[in-house]
Amino acid sequence: MPFDGNGNYTLPPVYKATPGTEILTTQHNMPLEDVQSALNAVLLRNGSAPVTDNWNMGSNRIAFLANGVADSDAANMGQLKALLNNTVLTGVATVPAVTDWRTYQPVGAKDADARYASNTALSDAVSATQKWANGQFLQLANPNSQAVTGPVAFSGKTTVPAVTDFTGDDALSAKVADGRYMQLTNSNGQTVSGPVAFGGKTIVPNPPSFTGGDALNAISAEDRYVKSVPIAGSGNIRITDLWENADGRAVFGDGTSAPILANLADLPFSDTGLKEQAFTQWTTLDQYGHGIFTFPTAFRAGTVPVVTLTIDCEPAGTYYQHSRTYSFIRNNTAPSISNSGFMIAVGVTDGGGVYVSTLPVVAHIRATGYF
């Protein structure tokens, strides 16, 4: 390297030529090549070679620097002092028109007078000390929203245009507000022409009567109406319509596919508390011809239903030309019939007498009692 980090040049450590010794190219050419490289790294005073990297002045000054002319020239201290000391404008200062109102360009009086609301008469001169800035005054011709950071006092009537978009932050006039919003202190009826969405809990008073269009609160509705929403997981469906048909029976829906509720006159018994079960049941018989039948649904505990039945008396291929008889098994006071079932005895008869039957039987049973 021709120079060290401090800019000092040193010859490379090779043998110097001495009298009476042979000069070798390996010793002679290397220092010359290093000198050539070192000279190529220096800055020429005539400026014919440009600087190739940033200069570190080491806290030293560049003295006797001429005034800069081009935008890329360096300015000397005299130029800076002349600029900083020129703070008094002796004549009319003219600035170009603003090209971007979002930057810090100077604003001319003409631009400011056309763009901002003025608190003085338009014929008044603009004070030289007044700060015209985009963030300081409301702009008359600015289509963008402008924020006012301090209080604004209006001493007279302020008129705002009609709102064209109610999704923004446009100023609202009294006329539009009176025709659009509900009034808290208005005792007259007010009409809402569009949908109303309540984001929180809404409380309404109890209706004075159920003949008008008053709002209904949850307590009044809960006490007055039949609930038609089924319990979750019950498998039931919601009642959507209930009405009375021509013969006085209640009908769900339109009556085409929904069941029609029966009246008491539709029941088969004059005693409306009686219920009937009709079913067919198969049972086996023990060695004494006894068979037990069980009701599909038990009747009310402590009650004894009325039972009538017929027996399949001739199973195929059994006791040909014989007849089968049956009777209810009796205890000390009555047949052995309870609210859950009953017992019978079955036999086979022929000319010689009655014999115990042990073959299965099928009975067609009707039982009437209280649930």
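A few notes on this one:
- Members of the range 145-159 found to be within 26 Å of R102 (Cα to Cα) and open to solvent by less than 100 Å² (accessible area, probe 1.4 Å), listed by number: Q146, A147, V148, G150, V152
- Of the numbered criteria (1) over 60 Å from the mean Cα position of the chain (by Cα); (2) closer than 30 Å to S145 by Cβ, the one R102 fails is (1).
- Figure legend. Inter-residue proximity from the range 266-287: first residues of a type in the set (V, I, T), second residues open to solvent by 60 Å² or more (accessible area, probe 1.4 Å) and outside any strand (DSSP E or B), beta-carbon distance below 6 Å, spacing 6+ or different chains. Indicated pairs: T272/L264.
- Against the test of being of a type in the set (S, T, N, Q) and touching a Leu at 6+ places or on another chain (Cβ under 9 Å), the options T202, T272, T280 yield a single qualifying residue, T272.
- No other residue among A141, A177 is part of a loop (DSSP other than H, G, I, E, B) and either of a type outside the set (V, I, T) or at pLDDT 85 or above (or both) apart from A141.
- Note on the range 268-283: among residues that are of a type in the set (S, T, N, Q) and either surrounded by 14 or more Cβ atoms within 10 Å (Cβ to Cβ) or at pLDDT below 90 (or both), the one that is nearest to P360 (Cα to Cα) is T283.
- Applying the condition of being touching a strand residue (DSSP E or B) at 6+ places or on another chain (Cβ under 9 Å) and over 13 Å from G341 (Cβ atoms) to the range 287-302 and asking which residue is modelled with the highest pLDDT yields R300.
- Within the range 38-59, the set of residues being part of a loop (DSSP other than H, G, I, E, B) and open to solvent by 100 Å² or more (accessible area, probe 1.4 Å) comprises R45, N46, P50, T52, D53, N54, W55, N56, S59.
- The listed residue being open to solvent by 100 Å² or more (accessible area, probe 1.4 Å) and among the polar types (S, T, N, Q), out of S209, S187: S187
- A Cβ distance below 6 Å, combined with a sequence gap of six or more or placement on separate chains, defines the contacts here; from the range 327-356, residues that are open to solvent by less than 60 Å² (accessible area, probe 1.4 Å) reach residues that are aromatic (F, W, Y) and not in a loop (DSSP other than H, G, I, E, B) in the pairs P335/F328; G341/F293; F342/F293; I344/Y326; I344/F328; V346/Y326; V348/Y355.
- Subset tally (residues that are modelled with pLDDT under 85 and either surrounded by 10 or more Cβ atoms within 10 Å (Cβ to Cβ) or farther than 29 Å from K201 by Cα (or both)) for the range 213-233: 3
- Residues in the range 328-367 that are part of a loop (DSSP other than H, G, I, E, B), farther than 15 Å from V304 by Cβ and either among the charged types (D, E, K, R) or at pLDDT below 80 (or both): G351, G352.
The values are calculated or read from the model by the stated rules, or taken from the named source; none is laboratory data. Every value quoted in this text rests on a predicted model; they were computed, and no experiment measured them. Counting neighbours? That spans all protein chains shown, and the Cβs are built from the backbone with ideal geometry, glycine included. Protein only, heavy atoms only, side chains kept; ligands, DNA and RNA dropped before computing areas. Shrake-Rupley method; radii C 1.70, N 1.55, O 1.52, S 1.80 Å.
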